[in-house]
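Have a look at the structure below before the remarks.
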Amino acid sequence: MKIVIFGASSKTGLLLVQQTIDAGHEVTAFAREPSKITIQDDHLNIIQGDALKPAQVSDSIQGQEAVLSLIGPTKGAPKNLTSECTRNILEGMQDHNVKRLVLTSVAGIPTPNDETSGASKFIGSLLKIFLKDMFLDRENQLALLESSDREWVAIRLPRLTDDKPAGQYQLGFKNPGMRLKISRANLAAAMLDQLSEDSYLRQAPIISQV
Ligand SMILES: NC(=O)c1ccc[n+]([C@@H]2O[C@H](COP(=O)([O-])OP(=O)(O)OC[C@H]3O[C@@H](n4cnc5c(N)ncnc54)[C@H](OP(=O)(O)O)[C@@H]3O)[C@@H](O)[C@H]2O)c1
């Protein structure tokens, strides 16, 4: 499959690029600074671009069969970074008739399917107060996905770690609160798996270590 990866320069992104190539796909890595993509492979094409620029995003999606995105705020990012980039990705997918999108969200954002305990609801409401802008941006990101007609899966993340892939990951709606974690290697594996899985289509499951 031909797959474009946004946020390819992130720690998780580099693992995802490598795992996607190893799985036999043709990868396009989209990055603001191509020098950060330290992987070289005949099956890897690197495109320089800014995901806040709709035309650059749309051009990079042309000819692809699926999209993966790890875009998240870095220093100096606008408050609406993830929602704006998601909007540009969805429009680019519409332009070029690409159906499948797997991307990341955060575990603190509630969804209707969640089985949430009182304690994690309380933690969620505190986070919503203290991380107001991040919450709003991620809520808007999910709203954009829900109103689109694409085949999306948004994997909601607890804390990311650099642990080696340990055993298996789990996806689901039992909101574990923010204390749980997932390794970046397992997150990359889960994103790749969701390209060919239909069980969480148009949903936002939480991921965690088993
Ligand atoms: N770390 C955690 O515990 C945690 C928890 C919950 C969710 N997350 C989310 O998980 C994902 C991966 O996290 P990570 O720690 O591996 O990486 P990260 O440092 O959060 O990486 C963010 C990525 O987004 C890219 N990006 C930002 N603005 C962009 C723009 N305008 N155009 C193109 N690319 C842009 C960055 O590119 P540059 O290299 O050019 O900056 C980088 O590749 C992110 O979405 C993050 O928000 C992380």
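Observations
- For region 153-179, residues that are of a type in the set (D, E, K, R), modelled with pLDDT under 90 and within 11 Å of residue 205 (Cβ to Cβ) total 1.
- Restricting attention to region 82-94, the residues being open to solvent by less than 10 Å² (accessible area, probe 1.4 Å) and either away from the ligand (no atom under 15 Å from the Cβ) or at positive phi (or both) number 1.
- Residues satisfying the stated conditions in region 68-81, i.e. in contact with a helix residue (DSSP H, G or I) (Cβ under 7 Å, 6 or more places away or on another chain), within 7 Å of the ligand (Cβ to nearest atom) and open to solvent by less than 50 Å² (accessible area, probe 1.4 Å): 70, 71, 72, 81
- In region 190-200 there is at least one residue matching the filter, namely being within 14 Å of the ligand (Cβ to nearest atom) and part of a helix (DSSP H, G or I).
- Taking region 11-43 as the range and being open to solvent by 40 Å² or more (accessible area, probe 1.4 Å) and within 18 Å of the chain's Cα centre (by Cα) as the test, the residues that pass are 11, 14, 15, 18, 19, 32.
- Every residue from region 95-118 that is in a loop (DSSP other than H, G, I, E, B), open to solvent by less than 60 Å² (accessible area, probe 1.4 Å), out of contact with any Asp or Glu (no Cβ under 8 Å at 6 or more places or on another chain) and not hydroxyl-bearing (Ser, Thr, Tyr): 96, 107, 108, 114
- Odd one out for residue 154 among (1) within 27 Å of residue 1 (Cβ to Cβ); (2) open to solvent by 20 Å² or more (accessible area, probe 1.4 Å); (3) not in a helix (DSSP H, G or I): (2)
- For region 73-92, the tally of residues that are in contact (Cβ under 8 Å) with a residue 60 or more places away in the chain and over 25 Å from residue 26 (Cβ atoms) stands at 3.
- Any hit, region 18-25, residues being of a type outside the set (Phe, Trp, Tyr), modelled with pLDDT of 95 or more and within 12 Å of the ligand (Cβ to nearest atom): no
- Looking only at residues of region 147-162 that are more than 15 Å from the chain's Cα centre (by Cα) and without any contact (Cβ under 8 Å) to a residue 60 or more places away in the chain, we find that the one that is nearest to residue 108 (Cα to Cα) is 161.
- Residue 127 being open to solvent by 20 Å² or more (accessible area, probe 1.4 Å) and assigned to a helix (DSSP H, G or I): yes
- Matching residues, region 3-24, being more than 21 Å from residue 183 (Cβ to Cβ) and touching a His at 6+ places or on another chain (Cβ under 7 Å): 3
- Subset of region 44-67 (residues that are assigned to a loop (DSSP other than H, G, I, E, B) and either near the ligand (Cβ under 10 Å from one of its atoms) or exposed (fewer than 14 other Cβ atoms within 10 Å of the Cβ) (or both)): 49, 50, 51, 52, 53, 62, 63
- The single condition among (1) part of a helix (DSSP H, G or I); (2) within 15 Å of residue 85 (Cβ to Cβ) that residue 9 does not satisfy is (1).
The values are calculated or read from the model by the stated rules, or taken from the named source; none is laboratory data. What you are looking at is a predicted structure, and each value in this text was computed from that prediction instead of being measured. Cβ sites come from the backbone with ideal geometry, for glycine too, and all protein chains shown count toward neighbours. In case anyone asks, the SASA skips ligands and DNA or RNA and just uses the protein heavy atoms, side chains included. Shrake-Rupley method; radii C 1.70, N 1.55, O 1.52, S 1.80 Å.
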